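Inspection log for the structure reproduced underneath, given as structure tokens.
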Amino acid sequence: MQRHPIAATALLCLVTSGTLPVSAQDEAVTWEPGPTTAHLGRDVAELALPDGYRFADAAGTRRLMKALGNTVDNTEVGLVTPTAEDQDWFLVFEYHPEGYVKDDDRDEIDKDALLETYRRGTEEANAERKKHGIPGLHVSGWFEEPRYDERTHNLVWALRAKSDDGSEVVNYNVRLLGREGYMSATLVDAPDNLAHSKNEVAQLLKQFAYKKGKSYAEFVSGDKVAEYGLVALVAGGAGAAASKLGLFAVLAKFFGKLGKAAVFLVVGALAGLKRLFGAIAGRRQEG
């Protein structure tokens with residue numbers, strides 16, 4: 001198996017440089033080479049995978065994620081990686097049946113306010129990170145500003161940050177909205193290579209489709225509706241609704257799930273979540 005950067009995926013994905021541990025290379029994963037139709041979840045979605053790529057199903061993806069040090073949660077539905085020797089990225093798919101995410105707030109995606117939320121929350125959380133032996137992290141800006149495509153109902157954003165040891169962290173996230181939830185596609189690559197690999201992934205995702213009855217356009221009155229919209233999805237996705245349980249309850253949940261290596265941006269995002277929701281609620285009351 002080809003060597004890949006060490007990374008972890010979940011609410012927010014930490015992307016760092018490195019290689020896949022030797023133990024992970026020996027995992028029994030059945031790879032399906034393209035061209036093929038990759039099935040993502042049971043009767044949820046599919047990806048028309050061209051030649052030059054290979055696909056691991058849900059079970060294989062979980063084995064790989066465990067080998068990378070992650071605790072899996074059964075949201076994992078597939079993983080795609082190129083077969084070319086000079087490309088080391090991979091794309092992890094996770095499905096979240098949270099309900100139909102309304103895009104009514106698509107014009108309320110304030111990139112500056114969201115960035116400030118991440119910055120403040122991350123700085124506030126540095127003390128907690130250091131207690132656990134994790135270097136401080138400082139959000140430096142957007143690698144790619146949040147944008148929503150009303151035609152495809154895809155939401156994309158990427159954050160750039162640096163740790164105290166000087167290493168760069170980039171989160172590159174795509175959310176593909178569906179009728180009953182959303183598919184999370186997280187690109188894992190070294191930061192220096194993301195400018196190229198994200199364009200390749202964008203082309204791949206044009207071949208993604210929800211199965212009949214599952215697409216965003218097929219929503220009907222009475223379907224389950226998610227408790228949050230696009231703004232909250234950028235701020236933390238499913239964790240946004242969970243934040244109602246209280247900051248420390250959510251923190252404990254995701255600390256256990258992600259482990260030391262991937263908690264950096266998660267802690268920062270959750271630390272600012274209450275403030276963000278308060279601001280959103282305030283704007284709606286004023287309106």
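Taken together, the values in this text are just the output of simple stated rules run on the coordinates, not laboratory data. Just so you know, these numbers come straight off a predicted model, no measurement behind them. Ideal geometry is used to build each Cβ from the backbone, glycine not excepted, and the neighbour counts take in all protein chains shown.
Just a few scattered comments:
- For the set LYS131/LYS162; LYS66/LYS211; LYS66/LYS206, the pairs lying more than 22 angstrom apart at their alpha carbons are LYS66/LYS211; LYS66/LYS206.
- Built amide H within the under 5 Å cut-off of VAL225, gap 5+: TYR100
- Calculated FRET value between THR36 and ASP192, using beta carbons and R₀ = 30 Å, to 0.05: 0.50
- With 0.36 nm allotted per residue and the present C-alpha distance subtracted, the ASN74-GLU108 stretch has 9.0 nm of extension available.
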